[in-house]
Amino acid sequence: MNTNEIKTEGFKSKERVQKFGEVFTPENIVKDMIDIIPLEETDLKELHKTWLEPACGTGNFLVEILYRKLALAEKLGVSKENLERNLFISLARIYGIDIQEDNVKESRLRLKEIAAKWYMEKTGEKFSKGLEKALDDVLNWNIIHGNALTGMYENGKQNREEDRINDKGIGTEFVVVEWNIDGDTVTRKDYNFNSMLVVVGGTVVNEYEPIHFSKVHRAKMIEDTKDYGGFVF
């Protein structure tokens, strides 16, 4: 079975079921549950909708969400630049957290394989090095090896180089990244996960301050070769 197919076996081991309550939602239930959520008014709004799966397992929900976002992405423009931009947005709006490291790695791989296959079908090309690195960065940040109940990294730095994360990452509050594209600039805001869950008077407080903010410029179209380099991070 390809890694980008929805898992149907239900669990990896009885030990993991007993220790972590780990079971995988079958494809038909994944589709039915996502169908319950109403669509936005426009395809563009739907493309930008953010999804978080706090116990993502091997990514069954994330996979289905990406398929649906990419179907919208194609409708919003078929030029290479539009396809790359909307592919980036689609992945940047999908977040997953899981306590099992192998699940996190598998989720990232499945999402990347789906993105690569879709891109090849639409452009006839493989990812450029710049675009592939950008998508890898998004997946490494957005699919988190951590505990959503505590907001702590489970172990490892997960490719984060920031000083605020210690060498092992154990017991460190994990970071959630918000990505946005404005013209030729990608902006990234980092938030402590638990700061996003502050509730005042029964309402989640959304006006939290980022702990880090940076601008990352996209590679420009090289007119003489028409070689669009994707995003440079």
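Can you tally the net charge around N82? Count Lys and Arg as +1, Asp and Glu as -1, for every other residue whose Cβ sits under 12 Å from the Cβ of N82.
Spelling it out: positives minus negatives among the neighbours equals +1.
Taking the alpha-carbon centroid of each part, what is the distance from the stretch 44-94 to the stretch 115-146 in angstrom?
A separation of 11 Å, based on Cα centres.
List the pairs from K75/K117; K117/K189; K31/K189; K80/K133; K31/K133; K126/K189 whose alpha-carbon separation is above 27 Å, in the order I gave them.
Pairs exceeding the cut-off: K117/K189; K31/K189; K31/K133; K126/K189.
Read-outs: derived from the displayed coordinates by stated rules, not from any lab. Keep in mind that this is a model prediction, so the values were computed, not measured. Cβ: placed from backbone, ideal geometry, glycine included. Neighbour counts: every protein chain shown.
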